[in-house]
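For reference, the structure discussed in these notes is given below.
The values are calculated or read from the model by the stated rules, or taken from the named source; none is laboratory data. In this text, all values refer to a predicted model and were calculated from it rather than measured experimentally. Here the Cβ positions follow ideal geometry from the backbone for every residue, glycine too, while neighbour counts run over all protein chains shown. Surface areas here come from the heavy atoms of the whole protein model, side chains and all, with no ligands, DNA or RNA. Shrake-Rupley method; radii C 1.70, N 1.55, O 1.52, S 1.80 Å.
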Amino acid sequence: MELGLVLRLLLIGILISETWTQVASGLMSSECLKNFLHLTLSMEHFKDKYLSFSAVDQFGTAWELDEALASQCGYTITYSSRNSIVFRASALSCHSHVEKGVFTVTVQIKVSHAPDMKNATTHLKSASCPYVLWSPRELVCETNYMEVSVRRDVPQTEEDFILSEPEDWILSFPKAKAGEASIWQIVFHQPEEKRALLVSDAWSAGYGLNTTETRILLRVPYNAAQIQLVKAQGITFSAVTSSTFYKQQWMILMVDTAVACPVDGVNYTNKTIIWTVPKYFQALCAGATGFKDVLVEVGVNLRKLSAKEMASRKYVLSNDLNTITMKIPIGAEGGSYKTSVSSGRHGAKYSISLFLEHQWEDNKWGLTKYTIIKEIETPFEQAELAVTNNSNLSARLMNVTVGMFLMDVELVNLTVEGTTVTVPEAIQHGYLTYEIQYANGSKVYVVQVPFDAPGIKKEYISGDTRQYTLNVTLKFIILPTSDTFAVPIITVSAVKDAVLPSARGFCDENDFHLIIARGNVDQNWLPFISDQHLMPEAAQKYYYSLSDNGTHWAVSVPFLSSLVDYKDIHISGVMASLHLTLKDGITLANRKDFSISCRFPPSELIQCLPNGTVVITALKLVRLADLDTSLLVLRDRQCKPSLVTKKTATFKFNVNTCGTSRKFNSTSITYENDVLYFRRGNDIPVYQLKFVCVYTIKRSADVQYETKKNLPSSIKPGFGSLDLSLKLFKEKSYSEPYQELEYPVVKYLREALYFEVELLQPADPRLELNLEDCWATNSQSQDSLPQWPILINGCENSEESYRTVFHKVNYSHRVKFPQHLKRFEVTMFTFVQGTTPLQMQLYFHCSVVICSTTPLPSDVICQRRCNPGKHRLDRSAEAHPQGQVSSGAVLIRKENTASKGRTIKDV
């Protein structure tokens, strides 16, 4: 493809490190071809560099060439697909030095790594060529200009032409008399008008003018304003009809400087280029007759081909009466393919630089030499690129070959997962690329990537097989046009290297624990439990914990989580299961399942609080999939759960509500109730969970469970404590007890001691506290000796001279349940050991029995508060929980009359 003049030619590729002097010997070559200097620059020395060209005149001045100046002055720069830049200069170019049949051209070339040409290296190339004998008229059709040169002693313009254009002479003559012996005016002939331009104006308009001692030259760029498009035998020509006036000594002379060049005439049929040029057409042959062919020769790159060479290349030349036709097979020797892009698609165009030289004689000019340089390029043809996967599985290396490419293609970057990196940057990420060149002028690119490089997609297929996918886009640039195209590469390799996730699990008293080794196939797998995607941000909401260190997941789920399934309730505990599924992160298809089952102790299901409050958690069993936990009730169906989840219902109530029943035995009180579930319209529960709370004296035990075949579940007793206290108060009003720091309390003989015994928990109004025995000891042990009785079987000690006095307990702000308290006063007694009154530290103790406020008739001990003469085991057919309480130390002293009115100090 012709580039015209390339003022700054950027050749993109790998930066060459050689200096100018190192490559100068192979930098360029020159050749004289058909009155042209042909200068060829080797492409390999200019990769990634900027070039500028200047023509140097005989005075040493460098004229930097741009597209307009090159067309005006006879210079052409083209890019050859054979890795070269071609600079052509016409023999009569503006800055040529012509002398004695030789023309000399000097070219200055600057090379820089920067577009502003800073720090450029400069090289001068001067070459001389002999020019062949000039014909009276020579016409040249270059790729960027048309050129006509004629002898000054040419025959006069045709009489008819002169007579029809008298005004040309009339307008020119006055100025011609004052001019020098040179070209001084051009008149352009157009159908609608004629335009005369002085030399200075012609130069400003882009025309090139030159003279030698014997010749006059006019050069016309293809974009000149005076150009006309004309047809000859169906072929379009770019034509200029003009007369050039010059002064020679005292004469004013005029020559015909018409020129025309074909702009089409190329067809493509059956993989063949057909180039047709009409002969002797009007635009060039006005007024001429008697045409005779002298020479017709053709060639490539301005080199003539012999008949033998043309035959070997299968070129066909036809010289008919009216046309010259040349046929060249597409792809034949002499031309070359160039990479091209159309709508982002990669393809190629075949190009060839042909020339045709036609010489003929006529009665007007004598000999005319007509030279056409024709750059032909075939239409775009898409070329498929093969992508071959040669992956080395044992080396875990993806190896992909892409091609074939022509040599004018360079890889510039790679795009992986939306990120574009240069070739050197790609190497740092493990993406190695290199090219392999072949002798036929083609090459392939190879991409090598380790299986574990970033951007390689890994996907588990089945069994022990993983699939590795390389998805990378290669971007290429075409030299020197800088057109780009992209080649997406998607290759897949199956490797048997899959290590599936594995898990181990265990349970403690409250939680499931799963530790999952991720293996190497779960990059996109997500953990789910009961269709709940486990994520750290959701862990707090669902009361689980999740951690991921890259190689293992650690999951902990509470036993009472809604994510847990409950299978059965047994005497040994609750059988529960946790099912974790790893799902594909894209399709959500199940990939791997893990399950753990544990039997949990029932301590968290039932709580018997000391204040008589019971908290019971009922569980939904998997066999009752349609059970709605919000519809669970207690015996009193008005008692509904206070907290509901998908799989649990929690009830909180007092033991004296919700239909709770109560039983007594010798050491405890037992409360029972049921959690029930009824289907609509049916009074027979389909779910029944029995529970028991046992309150014992200073005793607690674990909750136990048992299940009977297909019958409703039953919770065995949960245990609490019956809390008792014995306090000593300062006054008969029982408003201020002695505090712990006030013990031991100092008392004197015959002072009153005010005691209060209380059932602290549970706060069940249906319970009543009764006293059995109270006694004093001189040590903290209730069983130590000696002992001094105060109450016996709930009655005063009749052997004491000062009897114990009972005080009634009434409801008050502090006393919510009077039946839970007993108060008595010990007055004016003497502890005697032998016959000597004692002065000692004493401890007081009482045993109590817990009764119902509505005892049975046979329950004698709970019907009467004092039953002297009978032991409780003999008096009652009912068993009741018992307990004992003790007070702090009381220091008893004899009365000292001498101390009255004085402060008594502790001893």
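At a Förster radius of 60 Å, what calculated FRET efficiency corresponds to the Cβ-Cβ distance of GLN841 and THR551, to the nearest 0.05? That gives a FRET efficiency of 0.30. Do any of LYS118/LYS338; LYS271/LYS369; LYS47/LYS369; LYS47/LYS374 go past 29 Å between their Cα atoms, and which? Too far apart for the 29 Å limit: LYS118/LYS338; LYS271/LYS369; LYS47/LYS369.
So for THR777, THR269, what's the accessible-area order with a 1.4 Å probe, most first?
The ordering from most to least exposed comes out as THR269, THR777.
Within 13 Å, Cβ to Cβ, of GLN382, how many net charges do the neighbouring residues add up to if Lys/Arg are +1 and Asp/Glu are -1?
Numbers: positive: ARG345, LYS349; negative: GLU381, GLU384.
Overall, the nearby charge balance is 0.
At full extension, SER306 and LYS690 could sit 126.7 nm farther apart than now, given 0.36 nm per residue minus the alpha carbon distance.
Tell me, in nm to one decimal, what length is gained between ALA68 and GLN540 on full extension, where the rule is 0.36 nm per residue of separation less the Cα-Cα distance?
162.3 nm
Computed over protein heavy atoms with a 1.4 angstrom probe, the accessible surface ordering of MET326, MET117, MET407, largest first, is MET407, MET117, MET326.
Roughly how many Å is it from the Cα centre of the stretch 128-142 to that of the stretch 725-767, as a whole number? Using only Cα atoms, the two centres lie 140 Å from each other. Ordered from largest to smallest accessible area (heavy atoms of protein chains, 1.4 Å probe), the residues TRP184, TRP63, TRP203 come out as TRP63, TRP203, TRP184. Using the 1.4 Å probe convention, the accessible area of the stretch 547-617 works out to 40 Å² per residue with neighbouring protein chains retained.
If you look at the Cα atoms of the stretch 68-151, you get an Rg and a Dmax of 15.2, 48 Å. Here the gap between ASP264 and GLU736, fully extended at 0.36 nm per residue and compared with their Cα-Cα distance, gives a gain of 157.4 nm.
Restricting the chymotrypsin sites (Phe, Trp or Tyr not before Pro) of the stretch 409-480 to loop positions (DSSP other than H, G, I, E, B) with no more than 13 neighbouring Cβ atoms within 10 Å leaves TYR438. For the residue pairs LYS34/LYS292; LYS652/LYS690; LYS194/LYS279; LYS279/LYS327; LYS349/LYS443, the alpha carbons lie more than 24 Å apart in LYS194/LYS279. Note on ASP593 and THR236: with the Förster distance fixed at 60 Å, the Cβ-Cβ geometry gives a FRET efficiency of about 0.15. Using the Cβ of VAL56 as centre and a radius below 11 Å, the other residues enclosed give a net charge of -1, where K and R count +1 and D and E count -1.
Here the accessible area is traced with a 1.4 Å probe on the protein chains. For the stretch 391-443, carbon and sulfur cover 56 percent of it.
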